[in-house]
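Right, one structure below, let's go through it.
The values are calculated or read from the model by the stated rules, or taken from the named source; none is laboratory data. What you are looking at is a predicted structure, and each value in this text was computed from that prediction instead of being measured. Quick reminder, even Gly has a Cβ in these numbers, built from the backbone with ideal geometry, and neighbours come from all protein chains shown. Please note that ligands, DNA and RNA were not included when accessible areas were found on the heavy atoms of the full protein model with its side chains. Shrake-Rupley method; radii C 1.70, N 1.55, O 1.52, S 1.80 Å.
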Amino acid sequence: EWNVVKQQGDTLYKALAAAIDKGFAPESQDVQKLIQQHYELQGRFYDLTKEVYIGLTQLYAQHPEFKKFFDVYHTNMVEFIGKAMRYYAQRNL
């Protein structure tokens with residue numbers, strides 16, 4: 001199952017990187033659909049309350065290993081996904 005999750009995550013992060021390149025806003029409907037997938041994917045590992053999901057954005061921003069991971073996809077990914085995740089959490093969780 002880990003390989004499936006890893007592949008789904010890879011596809012998702014590539015789609016988010018493409019959205020950044022196209023100039024989409026983190027709040028845009030297309031990006032929020034991707035964030036819904038991210039939420040569901042992360043939910044396989046965590047009990048994602050609103051607070052936990054928002055906390056995950058802080059972990060992404062503050063932990064160098066996450067920055068390094070996301071930079072592979074796009075240098076603006078950490079900031080972008082954080083904004084998109086917070087927007088999602090405020091409206092859906």
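Please work out if Lys67 is over 12 Å from Met85 (Cα atoms) and exposed (fewer than 14 other Cβ atoms within 10 Å of the Cβ). When the stated conditions are applied, Lys67 does not pass them.
Among residues belonging to the range 72-86 that are out of contact with any helix residue (DSSP H, G or I) (no Cβ under 7 Å at 6 or more places or on another chain) and of a type outside the set (Val, Ile, Thr), point out the one that is least open to solvent (accessible area, probe 1.4 Å).
The first filter runs over the range 72-86 and keeps only residues out of contact with any helix residue (DSSP H, G or I) (no Cβ under 7 Å at 6 or more places or on another chain), leaving 72, 75, 79, 83.
Narrowing further to those that are of a type outside the set (Val, Ile, Thr): 79, 83.
Details: Glu79: 114, Lys83: 91 Å².
In this case the residue turns out to be Lys83.
Taking every residue in the range 38-57 that is within 17 Å of Arg91 (Cβ to Cβ) and surrounded by 14 or more Cβ atoms within 10 Å (Cβ to Cβ) and pairing it with any residue that is among the basic types (Lys, Arg) and modelled with pLDDT of 90 or more, at least 6 positions away or on another chain, the pairs with Cβ-Cβ distances below 9 Å are Tyr53/Arg86; Ile54/Arg86; Thr57/Lys83; Thr57/Arg86.
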